[in-house]
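Below is one structure; the comments refer to it alone.
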Amino acid sequence: MALRTTPEVGGMGHSIKRKEDPRFIRGKGTYVDDVVLPDMLYLDIVRSPFAHAKIKKIDSTKALAIPGVLAVITGRDLAKYNLHWMPTLMSDTQMVLPVEKVMYQAQEVAAVLATTRYGAADGVAAVEVEYEPLPVVVDPKKALEPGAPVLRTDKKDKKDNHIWHWEWGNRAETDRAFTEADVTVKQDIYIPRIHVASIETCGCVAHWDKVQDKLTVWMTTQAPHAIRTVFALVAGHVGLEEHKIRIISPDIGGGFGGKVPVYPGYVIAVAASVLTGKPVKWIEDRMENLQADSFARDYHITAELAAKKDGMLTALRIKTLADHGYTDAAANPSKFPAGLFHVCTGSYDLKAAHVEVDGAYTNKPPGGIAYRCSFRVTEAVHTIERMTDLMAHQLGMDPAEFRIKNFIKPEQFPYKSALGWEYDSGNYAGALRKAMDTIGYADLRREQVEKRQRGELMGIGISSFTEIVGAGPSKHFDILGLKMFDSCEIRIHPTGKAIARFGTKSQGQGHETTYAQILAEELGIPAKDIKVEEGDTDTAPYGLGTYASRSTPVAGAAAAVASRKILDKARKIAAHLLEAAPEDLVYEPGKFSVKGAPDRAKTIQDIAFAAYTNHPQGMEAGLEAVSYYDPPNLTYPFGSYICVVDIDKGTGEVKVRRFVAIDDCGNIINPMIVQGQVHGGLSMGFAPALYEEISYDEIGNVQGGSFIDYLVPTAVETPKWETGHTITPSPHHPLGAKGVGESATVGAPAAIANAVVDALWHLGVRHVDIPITPPKIWRLLRDNGVTE
Ligand code: MCN
Ligand code: CUM
């Protein structure tokens, strides 16, 4: 996907042409930064060099002297309208701009509004801020110690940095199972902070049109309707009511979860447009994106697994400390502060489990957001897959056979897990055996034995993950109280062409293709005659957006249900045209015919025309339907991944020699798109396994704030993926489909980590935290007496 250069930054002749060319006023470009409006102003942001500091003074004099700089906006300016704080998606609060102090490095401090992008950037450099540094809390464990500086001094009654305690499962039963176990394993696992690296960073163009009394915001958001509601809730009191707000999410250059939250830049741009009456553009740069936008993971986990001598697993116990940065801005369903982490019993028939999570505030940007995660399922899967592997090795059993022995069996579905989830369908051994056959598992184990005798380090790692996607049954799933249904509205025009609009928003997942396929299949209208539209709140039906791989499970189901509503009416019109009873008609996609007389038939196109020209008396005209689909359950895609690694004893470098991924997402709508999703997802699982991590030094300086330090693997490092699938339909989804968008990212890291530990087990290595970097492995080899 190519990102267009910004016309006004492009610099050369063509940019001037583009500016003057009316086509580029909401013209040819397809991303937010391509939106260029007359008289548009530019916003750039002053950011804090300190992780925790009082703001003593903000001096704008020099900035305002720069030609083209119109204003410097501070927290005090926003405070006049009570817009300096806003709610997070987890009902915590976050600053739009600070009034008293900053809480993390790179936090927004003030914003500069100028007539050009360069002017705004020069203005940012000229704003002088006087800070008084405060003690910094980086480590969440230290944050919870008595005497730690209390960070959220804005919360009147807050006396510590503890956000919440959450636990799930049966503690007594679990403890009993541990007492009765023959073998137990225990492991600390840290899953570090990482950050998505979408090609396109975040940004918006906000345009308050006084004449129309309407705010239009083109913005990089995965959830346009929810954002509109949040804007109305935050700014309704200053006249921005929901019907006056239009959010347009145009093409998005990758979301991966990072474009779910509301970032301060959006809100300041809106405020600036309302105040000036002019359109305002804010586009963050790469470093701002990496340093200040919300982060994923950052879970400090202690896990324990119990088993009987014969290798039957009995219980799982987990304690986790979640580093949420300075505010809990996680994009989780509101009832689940740790997301769906409690799917951590994974693919195994565990009788007892108990999980506890504590959230802590630290001087870091908001954490707990997203990186292709399905609401903390990456953390859950990494934990259970590492622990299962540890147990298998501890018992001296083959990790594949050990898994097969402990899997939930096909006949146990629908399966109620010890932590309360009802898995819809699965055939875990089927997927694992297929992966083993594809990779040649038995031969690889023989090769490993030979290599080990020669002193070479080779490992084989497995991850047999279960995903949980498609939030959600609205009984349990909401975000800020908004129930997590999703929608599809279909209108069939008189000539038989159609438009279908959805509450979701593709960011590269190919919804335009796959939704059209669903509709074509159901209605018998060729896909090329169906226009799929998403992302405009003025036209699309309300929906909660695209994340947590919910589009197929929820909006995809809505497409099928809405189609079937259309067919109900189409049948009546066909009966009228054919002078037959509706129940005497047979339907095959695109055509109703009279039972026993196949020549007496009407196509969907005939019926569409009749719906506007010749519909039965008493029936409303038109051929339209809408479905707001509330799924009865989540869908549980799964898969088995096997990976072979070779480790260089001299450098500690891990090379992924082969990686076989067998995925099962139920019925597949488009095999090529699913394969693309799996390839991309595997690459985004490979990345944190071996490369990516954002850490902080002791005074909260971010390490990894640019692509020099934050290592995103390129095609050169990334292995060749060998993919395949099995098909176990979801029994409750109208198409038997399950989501797939995040499966591979959720499942892949454990396969790689397990392969590395498998290569080093005989040296006494029991665990390695991701990212598994060469220095980490080199040190382990040195400490275990292996050097070259
Ligand atoms: N699909 C299919 N058959 C199935 C399941 C899915 O053909 N049984 C197709 C779907 O129709 C859709 C695609 O695969 O075109 C992904 O569908 P789904 O699993 O429903 O996931 P979503 O569309 O809801 O996408 C969200 C998911 C998430 S949460 C992240 S994070 C992620 C991911 O998608 N971000 C992505 N994949 C991404 N891919 C791209 N290119 N860019 C992103 O930002
Ligand atoms: Cu958790 S990343 Mo996706 O859900 O947008």
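Size descriptors for region 273-422, from the alpha-carbon set: Rg then Dmax equal 19.9, 73 Å. The convex hull of the Cα atoms of region 227-350, projected and averaged over all directions, covers 11.5 nm². Counting beta carbons within 10 Å around each of Trp164, Trp282 and listing the fewest first gives the order Trp164, Trp282.
Once the mean of 1/r is taken over each pair of separate Cα atoms and inverted, region 438-525 shows a Kirkwood hydrodynamic radius of 18.4 Å. For region 115-159, the residues whose amide N sits under 12 Å from a probe point set 7 Å from the Cα of Glu100 along the beta carbon direction are 150-158. Dividing the mean sequence gap of close Cα pairs (under 8 Å, 6+ apart) by how many residues region 180-232 holds gives a relative contact order of 22 percent. Here the sum of -39500 (n - 2.57) over DSSP H runs of 4 or more residues, divided by the residues of the chain, equals -8500 deg cm²/dmol at 222 nm, to the nearest 500.
Would you kindly calculate the mean projected area, averaged across all directions, of the convex hull enclosing the Cα atoms of the chain, in square nanometres?
Values: hull surface 150.5 nm².
Hull-based average projected area comes out at 37.6 nm².
Peptide packing: for 530-536, 362-368, 493-499, the average count of neighbouring Cβ atoms within 10 Å per residue gives the ranking 362-368, 530-536, 493-499, highest mean first.
Take every pair of alpha-carbon atoms less than 8 Å apart whose residues are at least six positions apart; their mean separation over the length of region 418-520 yields a relative contact order of 11 percent.
Each semi-axis of the equivalent ellipsoid for region 333-438 is √(5λ) with λ an eigenvalue of the Cα gyration tensor; in descending order they amount to 28, 17, 14 Å. Between Gln187 and Gln703, the distance separating the two model label sites (each 7 Å from Cα on the Cα→Cβ line) works out to 2.4 nm. Between the amide H of Leu457 and those of Ile647, distances stay under 5 Å, these residues lying 5 or more places away or on another chain, with hydrogens modeled in the peptide plane. Just need log10 I(q)/I(0) for region 312-376 at q = 0.14, 0.21 Å⁻¹, Debye formula, equal scatterers on the alpha-carbon atoms, no solvent, rounded to two decimals. Per q value, in the given order, log10 I(q)/I(0) is -0.47, -0.88. Computed from phi, the 3J(HN,Hα) profile of region 182-193 under the Karplus parametrisation 6.51, -1.76, 1.60 (θ = phi - 60°) reads 8, 10, 9, 10, 9, 8, 8, 10, 10, 10, x, 5 Hz, with x in place of Gly and Pro.
The Kirkwood hydrodynamic radius of region 270-339, based on inverse pair distances between different Cα atoms, is 16.8 Å. Within the straight-line cut-off of under 24 Å between alpha carbons, the lysines reachable from Lys405 are Lys186, Lys308, Lys309, Lys351, Lys416, Lys434, sequence neighbours fewer than 8 places apart in one chain being disregarded. The ratio of the alpha-carbon radius of gyration of region 119-250 to the globular-protein estimate 2.2 N^0.38 Å is 1.70. Taken along the Cα-to-beta-carbon direction at a fixed 7 Å, the label points for Glu588 and Glu128 span 8.2 nm.
If you look at the Cα atoms of region 77-179, you get an Rg and a Dmax of 20.2, 70 Å.
Just the number: Rg to Rh for region 611-663, Cα atoms, Kirkwood Rh, two decimals.
Values: Rg = 28.0 Å, Rh = 17.6 Å.
Here Rg/Rh amounts to 1.59.
Let me have the relative contact order for region 581-727, percent, based on Cα pairs under 8 Å that are six or more residues apart. This gives 18 percent for region 581-727. Scanning the chain for helices, which whole DSSP H stretches are 30 Å or more long along the axis (Cα) and average -0.5 or more by Kyte-Doolittle? Span-like helices here: 557-578. The radius of gyration of the Cα set in region 653-759, together with its Dmax, comes out at 16.7, 53 angstrom.
Can you figure out the FRET efficiency of Thr302 with His237, using R₀ = 45 Å and their beta-carbon distance, to the nearest 0.05? Once the sixth-power term is evaluated, E becomes 0.50. With the convex hull drawn over the C-alpha atoms of region 71-113, the volume per residue is 85 Å³. Among the listed pairs Lys62/Lys278; Lys483/Lys505; Lys54/Lys155; Lys259/Lys505; Lys57/Lys364; Lys497/Lys528, those whose Cα-Cα separation exceeds 19 Å are Lys62/Lys278; Lys57/Lys364. Amide H contacts of Glu693: Leu711, each under 5 Å away and 5 or more positions distant or on a separate chain (H built 1.01 Å from N in the peptide plane; Pro and chain starts excluded). Largest first, the extents of the alpha carbon coordinates of region 37-89 on the three principal axes equal 34, 28, 21 Å.
With 0.36 nm allotted per residue and the present C-alpha distance subtracted, the Asp160-Asp139 stretch has 6.2 nm of extension available. Ordered from longest to shortest, the equivalent ellipsoid semi-axes for region 537-673 are 49, 19, 12 Å, each the square root of 5 times a Cα gyration tensor eigenvalue. Amide H contacts of Ser487 (H built 1.01 Å from N, in plane; Pro and chain starts excluded): Gly503, Thr504, Leu544, Tyr629 sit under 5 Å, all sequence-distant by 5 or more or on other chains. Computed over all pairs of different Cα atoms, the Kirkwood value for the hydrodynamic radius of region 631-716 is 16.1 Å.
From largest to smallest, the equivalent ellipsoid semi-axes obtained for region 408-561 from the alpha-carbon gyration tensor read 42, 21, 15 Å.
Within the P(r) computed for region 36-133, what percentage of the Cα pairs occupies the region above 16 Å? Show your work: numbers first, answer last.
Numbers: 2695 of 4753 pairs.
Tail of the P(r) past 16 Å holds 57 percent of the pairs.
A crude spin-label estimate for the pair Ile404 and Tyr118, with each label 7 Å from Cα along the Cβ direction, gives 6.8 nm.
For region 504-567, the direction-averaged projected area of the alpha-carbon convex hull comes to 4.3 nm².
Arrange Met40, Met90 by Cβ neighbour counts within 10 Å, fewest through most, would you? Walk me through the numbers before you get to the answer.
Values: Met40 19, Met90 23.
Exposure proxy ranking, most exposed first: Met40, Met90.
Quick check on the exposure proxy: order Ser695, Ser487, Ser551 from fewest to most C-beta atoms within 10 angstrom. All intermediate terms of the calculation are to be shown ahead of the outcome.
Working: Ser695 13, Ser487 24, Ser551 30.
Listed from fewest to most nearby Cβ atoms, that is Ser695, Ser487, Ser551.
Taking a ≥ b ≥ c as the square roots of the eigenvalues of the alpha carbon gyration tensor, region 122-164 is prolate, as a/c is not under 1.5 and a/b beats b/c.
Every number here is computed from the coordinates shown, using simple stated rules; none is lab data. Just so you know, these numbers come straight off a predicted model, no measurement behind them. Heads up, the Cβs are rebuilt from the backbone with ideal geometry, glycines too, and the neighbour counts pull from every protein chain shown.
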